[in-house]
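Colleague: Structure provided below as structure tokens; questions to follow.
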Amino acid sequence: NATPRDRLRIAIQKSGRLADPARALLASCGLSWRESRDRLFCYGETLPVDLLLVRDDDIPGLIADGVCDLGVVGRNVMTEQDGERRAAGKPTAYRELRALGFGDCRLALAVPEGWEWKSPRQLDGMRIATSYPALLSQWLADEGVSAEVVLLSGSVEIAPRLGQADAICDLVSSGATLAANQLKPVATLFESEAVLAGPVHEFDAARGELASMLLRRLDGALRIRH
Ligand code: PRP
Ligand code: ZN
Ligand code: MG
């Protein structure tokens, strides 16, 4: 286990929607860092709390493996990866500790603008491109729809135009990406925002105290914002 015993390590997104607000929120808890040259690791100065800057999709796995103690990540990513772990017979390894009130978005099913949308049953026999196979498959099962899930790790919105899929299931925030690709959202599968994630197990004494202090400060910072 590579985790240091006496310092807390928090994974946040290196770049993207959650990166700046995550850092700002942690800074408002009284944390400050000295950045490494490559900007992948920030060494905590005021407290022994370090940051690891990574791809958001890697954050749940880093917590599951004990490489990081906490992470700021979209609830969508956490829930999707938890579903994938379950499907693979692995136990739940992380949990949502706090909702953070930023990074709001939804996982939506979107179809070409020209479609007349009536019900999910229209998707029977169709191909749906997504980076969220677990959440999409669950929704399809709930709706009693039998469709093919086409797994893409990015640029999902272009799949219908390329003839790779008939519809897509992707995150929608402003809606600009869908509009730019002549797609329209027709169903919401999941509402998301940034959350603080941590392991299902308790921390050992030293890091447990640090984590509780951070959570107390975080609750104070969140109260002031709302
Ligand atoms: C999501 C999604 C769309 C975009 C939608 O990607 O995949 O590309 O945001 O946002 P909009 O409705 O405001 O246009 P995101 O950049 O969050 O992350 P990713 O790089 O992990 O796909
Ligand atoms: Zn991502
Ligand atoms: Mg994207």
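The values are calculated or read from the model by the stated rules, or taken from the named source; none is laboratory data. Model, not experiment: these values are computed from the prediction. A quick note on method: Cβ atoms are made from the backbone with ideal geometry, for glycine too, and the neighbour counts reach across all protein chains shown.
Colleague: Suppose the filter is of a type in the set (D, E, K, R) and either in a helix (DSSP H, G or I) or surrounded by 12 or more Cβ atoms within 10 Å (Cβ to Cβ) (or both); does residue 184 pass it? I'd like the intermediate steps shown before the answer.
Modeller: Working: of a type in the set (D, E, K, R): yes; either in a helix (DSSP H, G or I) or surrounded by 12 or more Cβ atoms within 10 Å (Cβ to Cβ) (or both): yes.
Spelling it out, residue 184 is indeed of a type in the set (D, E, K, R) and either in a helix (DSSP H, G or I) or surrounded by 12 or more Cβ atoms within 10 Å (Cβ to Cβ) (or both).
Colleague: Tally the residues that are in contact with a Lys or Arg (Cβ under 8 Å, 6 or more places away or on another chain) and within 16 Å of ligand 2 (Cβ to nearest atom), restricting the search to region 106-133.
Modeller: 0
Colleague: May I pose another question? Give region 164-175 a look and list any residue that's surrounded by fewer than 16 Cβ atoms within 10 Å (Cβ to Cβ) and within 16 Å of ligand 2 (Cβ to nearest atom), or say none. Let's see the steps before the verdict.
Modeller: The first filter runs over region 164-175 and keeps only residues surrounded by fewer than 16 Cβ atoms within 10 Å (Cβ to Cβ), leaving 164, 173-175.
Residue satisfying the conditions is 173 alone.
Colleague: I'm trying to understand the selection: among the residues of region 145-163, which are crowded, with 20+ Cβ neighbours inside 10 Å and more than 16 Å from ligand 1 (Cβ to nearest atom)?
Modeller: 147
Colleague: Also, quick follow-up: Among (1) in a helix (DSSP H, G or I); (2) within 14 Å of ligand 1 (Cβ to nearest atom); (3) without any contact (Cβ under 8 Å) to a residue 12 or more places away in the chain, there is one condition residue 174 misses while meeting the rest; what is its number?
Modeller: Against the list (1) in a helix (DSSP H, G or I); (2) within 14 Å of ligand 1 (Cβ to nearest atom); (3) without any contact (Cβ under 8 Å) to a residue 12 or more places away in the chain, residue 174 comes up short only on (1).
Colleague: I'd like to check something: does region 77-100 contain any residue that is on the phi < 0 side of the Ramachandran plot, out of contact with any helix residue (DSSP H, G or I) (no Cβ under 9 Å at 6 or more places or on another chain) and in a helix (DSSP H, G or I)?
Modeller: No: zero hits.
Colleague: Being within 16 Å of ligand 3 (Cβ to nearest atom) and either part of a loop (DSSP other than H, G, I, E, B) or without any contact (Cβ under 8 Å) to a residue 40 or more places away in the chain (or both) is the filter here, so list the residues in region 26-69 that pass it.
Modeller: Once the filter is applied, which keeps residues that are within 16 Å of ligand 3 (Cβ to nearest atom) and either part of a loop (DSSP other than H, G, I, E, B) or without any contact (Cβ under 8 Å) to a residue 40 or more places away in the chain (or both), region 26-69 yields 55, 57.
Colleague: In the set 95, 55, 106, 39, which member is of a type in the set (Lys, Arg) and modelled with pLDDT under 95?
Modeller: Details: 95 fails: modelled with pLDDT under 95; 55 fails: modelled with pLDDT under 95; 106 fails: modelled with pLDDT under 95.
Every option except 39 fails the conditions.
Colleague: Test residue 200 against the criterion of being outside the structural domain of residue 93 (by TED's automatic domain parsing) and hydrophobic (A, V, I, L, M, F, W, C), and give yes or no. Walk me through how you get there before you give the answer.
Modeller: Details: outside the structural domain of residue 93 (by TED's automatic domain parsing): no; hydrophobic (A, V, I, L, M, F, W, C): yes.
In short, no.
Colleague: Check off (1) assigned to a helix (DSSP H, G or I); (2) among the charged types (D, E, K, R); (3) surrounded by fewer than 16 Cβ atoms within 10 Å (Cβ to Cβ) for residue 207 and give me the number that stays unchecked.
Modeller: Condition (3) is where residue 207 drops out.
Colleague: Pairs needed: first member in region 129-149, touching a residue at least 24 places away in the same chain (Cβ under 8 Å) and within 13 Å of residue 109 (Cα to Cα); second member anywhere, part of a helix (DSSP H, G or I) and polar (S, T, N, Q); C-beta distance under 8 Å; at least 6 residues apart or different chains.
Modeller: Every condition considered, the pairs that remain are 132/76; 135/76; 135/79.
Colleague: Which residue, of 198, 208, is more than 24 Å from residue 104 (Cβ to Cβ) and either in contact (Cβ under 8 Å) with a residue 40 or more places away in the chain or more than 17 Å from the chain's Cα centre (by Cα) (or both)?
Modeller: 208
Colleague: So which residues in region 71-100 are touching a strand residue (DSSP E or B) at 6+ places or on another chain (Cβ under 8 Å), of a type in the set (Gly, Ala, Ser) and either surrounded by fewer than 22 Cβ atoms within 10 Å (Cβ to Cβ) or not assigned by TED's automatic domain parsing to the domain that holds residue 22 (or both), if there are any at all? Don't jump to the end; show me each part of the working.
Modeller: First pass over region 71-100, keeping only residues touching a strand residue (DSSP E or B) at 6+ places or on another chain (Cβ under 8 Å): 71-76, 78-79, 82, 93-100.
From the residues that got through so far, the ones that are of a type in the set (Gly, Ala, Ser) too are 71, 74, 93, 99.
93, 99, listed by residue number.
Colleague: Might you let me know whether region 44-58 holds any residue that is surrounded by fewer than 22 Cβ atoms within 10 Å (Cβ to Cβ), within 16 Å of ligand 1 (Cβ to nearest atom), within 25 Å of residue 173 (Cβ to Cβ) and among the hydrophobic types (A, V, I, L, M, F, W, C)?
Modeller: yes
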